[in-house]
1. Keeping every protein chain present and rolling a 1.4 Å probe, give me the accessible area per residue for the range 145-205 in Å².
2. Stokes-Einstein diffusion coefficient for the range 25-96 at 37 °C in a medium of 0.692 mPa s, Rh from the Kirkwood formula over Cα pairs: what value in µm²/s?
3. Run the reach check for LYS108 against lysines, Cα to Cα strictly under 23 Å, same-chain hits fewer than 8 apart removed. What comes back?
4. Could you report the range 601-642's accessible area per residue, 1.4 Å probe, as an integer in Å²?
5. I need to check one value: relative contact order of the chain, counting alpha carbon pairs closer than 8 Å and at least 6 residues apart, in percent.
6. Counting only residues 5 or more places away or on other chains, whose amide H sits under 5 Å from the amide H of MET215 once H atoms are built in the peptide plane?
7. For the range 46-56, take each phi angle, set θ = phi - 60°, evaluate the Karplus expression 6.51 cos²θ - 1.76 cosθ + 1.60, and give the result in whole Hz per residue in order, putting x for glycine and proline.
8. Based on C-alpha coordinates, I'd like the Rg and Dmax of the range 514-630, in Å.
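The values are calculated or read from the model by the stated rules, or taken from the named source; none is laboratory data. Only a predicted model underlies this, so the values are computations on that prediction, with no experimental measurement involved. Ideal geometry is used to build each Cβ from the backbone, glycine not excepted, and the neighbour counts take in all protein chains shown. Only protein heavy atoms, including side chains, enter the accessible area calculation; ligands, DNA and RNA are left aside. Shrake-Rupley method; radii C 1.70, N 1.55, O 1.52, S 1.80 Å.
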Amino acid sequence: MESHWLNGLNLEQKEAALHNHGPLLILAGAGSGKTTVLVARTGRLIEDNIVSPKELCVMTFTNKAARELKSRVQVKLGSIANQIWAGTFHSFGLHILKEFYKDAGLPKTFGILDPGDATSIVKEILRNFHLGDKTAYDGEKVLSVLSYWRERGQTKASNGDEYEQAVEWILPLYSKRLKQLGMVDFDGLILKPIELMEKHPEIRTKLQNRFSQVMVDEFQDTNLMQMRMIQLLTNSHKNLTVVGDDDQSIYGWRGACIKNILEFPKNYSQCKVVRLEQNYRSSPAILEVANSIIAKNNLRHKKVLRASKKTTENNVPQILIFENETEEAEQIAGEIRRHQQSGFKNRDMAVLYRSNGQGPLIEAELRKMQIPYSMTGGAAFFDRKETRDILAYLKCSLKPNEIALRRILNTPARGIGDKSFECIETFSKKKNIPFWKAALEWGEAGVDEKAGMQIENLFLMLKELPRQLLALPKTPGENLCDFLTTIGYKLHIEKLSPNALVAHNKWKLIEIFGRILDRYFENGVRSVATLSDFVDSMELRDSINEEKEDEDRVQLMTLHACKGLEFPVVFLLGVEEDILPHKTLGSDLSEERRLFYVGVTRAQQHLTLSRVEKRQRHGKTVNSAPSRFLLEIPKHLIEERKGPRIISPEARKAMLAQLYAKLEKGSPLKT
């Protein structure tokens with residue numbers, strides 16, 4: 001009798017879900033139902049007693065994906081699904097380091113250093129680092145080279161490049177500083193567990209026995225370090241299932257190694273390969289265009305997406321050609337209005353582009369036409385000063401560390417100036433004690449009494465903060481906002497903001513942080529342990545999406561941000577040479593083509609590509625050529641049209657009739 005977990009699956013999906021032991025590569029084309037397959041395989045393995053839930057490890061790139069898998073399995077299996085370990089590579093690394101912190105040479109209460117603070121440490125080292133006259137180093141670039149070296153175990157400069165030379169000197173100092181702080185940076189969350197498993201065979205064996213089945217989602221996005229971690233975890237049993245699509249590998253610029261998925265069958269001789277080519281998302285016409293695009297890449301696992309949708313309405317994708325980018329933005333906004341009048345909701349539509357600089361023009365047009373939109377981009381939530389300040393308060397209330405304490409000691413201003421900082425730092429080094437302990441001994445450190453009393457008051461507030469956050473009747477998020485108001489942080493924001501609107505928006509960000517905190521507590525009891533888990537989650541940058549799914553807004557986003565999403569109507573702007581492929585960012589032509597393919601395969605029913613004949617660049621109007629990717633699409637697969645759409649008198653009359661009908665009903669205009 002066939003397992004109920006296989007109900008509704010096609011033949012290839014069933015084949016993947018029925019695999020029990022040994023390496024398995026599931027090549028999941030865009031829209032082919034990979035999550036459904038992962039859920040079915042997970043549930044069936046448990047129900048058929050192939051594996052117990054606690055022996056299953058699922059690694060993903062977002063905790064949201066891990067939560068979705070566990071919740072879908074839980075619907076059929078109940079609470080035992082909670083025993084499945086599912087999360088990101090970094091959260092797995094943190095899980096291992098918390099258990100084996102002594103073997104990793106870490107204090108029990110080690111902290112996690114976020115990329116912003118890691119850059120600050122690099123800059124601090126650079127300030128004390130002089131190599132001839134070359135002192136103007138870019139801290140973020142140094143950190144990037146540092147990460148590259150650590151991933152490959154490099155310790156010596158391979159050439160005369162000034163950054164290579166600098167990193168050779170900085171690397172040991174950076175590692176020493178992390179050890180002094182008792183902290184691990186993001187790379188360390190992967191590197192240290194690898195080091196543990198390599199140096200301690202007994203730990204490696206323990207973990208291999210604990211996780212007898214390992215699954216990895218979005219495998220095409222893994223880097224060399226993550227692949228090494230997977231290998232060490234599975235070498236004894238080879239029960240490794242990886243799911244991904246090499247055609248959607250678009251993160252090479254941040255270290256993803258496409259060879260991991262391309263060479264997986266070669267590296268695992270007994271590997272079973274299952275291709276999921278049935279697409280449940282897009283119309284046949286859109287898939288024909290997508291297949292024609294990606295077929296031009298040579299290094300790939302061959303697969304062709306087939307449409308499962310049987311539709312009488314098979315709209316041919318179109319390319320619209322405009323005179324300039326202003327006309328492009330105006331007319332695309334007009335196309336959005338037309339789709340609204342055809343019955344599509346705002347949230348059914350997405351406008352995609354290669355780089356953030358293309359967003360403001362279409363944004364301005366949507367504002368002008370009063371079309372609600374949501375824009376993905378701008379300063380990342382976790383990189384905001386306010387987010388990092390609040391996290392520093394929470395960290396110090398649970399387990400003080402130097403980086404976090406330095407951040408909040410005089411934020412908002414408490415009269416603890418540079419002189420006090422220097423006294424604490426000198427005393428810390430002299431007594432060989434942590435910075436926060438030195439701060440508590442402010443009198444002996446030579447800090448004046450007025451500043452010292454402020455330090456004592458801060459530590460008293462921090463000690464009370466967890467209890468204050470968990471107190472009823474308010475939610476933890478509301479209590480957090482009250483605390484920040486009481487200590488003067490709201491006033492601090494108002495003083496530093498250029499105007500009331502900026503201050504209002506910054507405080508709104510803090511309220512969003514509070515709502516994220518509340519959502520986390522929805523899944524756990526009101527306890528300090530749950531608060532600590534929340535801080536860990538935030539340090540790993542696992543935000544809960546605050547955007548409500550029922551908000552009716554057109555989505556504006558870059559091609560990198562759109563991966564994993566789908567929309568009935570998609571507009572892809574600026575399909576031109578030097579934009580897509582990008583002139584400066586697109587050194588890997590195959591990856592740029594994959595990026596285009598990802599954008600095209602987001603569309604379910606309607607796909608519109610656009611390009612312009614002239615575009616402003618550096619204050620000059622220059623001719624713009626169509627992207628080579630456009631020229632590769634067979635002409636019969638796409639409809640090309642120059643200039644704005646001509647609206648027939650009948651269509652115009654129907655549109656006006658619809659508008660008058662809405663006005664008569666008194667339906668409010670959305671803003």
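1. On the way: 2990 Å² over 61 residues.
Here the per-residue accessible area is 49 Å².
2. Details: Rh = 12.6 Å.
Rounded to a whole number, D works out at 260 µm²/s.
3. LYS108 reaches LYS98, LYS176, LYS179, LYS192, LYS199, LYS206, LYS395, LYS399, LYS429, LYS431, LYS437, LYS463.
4. On the way: 2440 Å² over 42 residues.
Ligands and nucleic acids excluded, the figure is 58 Å² per residue.
5. On the way: 969 pairs, mean separation 118.2, N = 671.
The normalised contact order for the chain reaches 18 percent.
6. CYS57, VAL58, MET59, THR241
7. 6, 5, 8, 6, 6, 8, 8, x, 6, 9, 9
8. Cα-based Rg and Dmax for the range 514-630 come out at 20.2, 62 Å.
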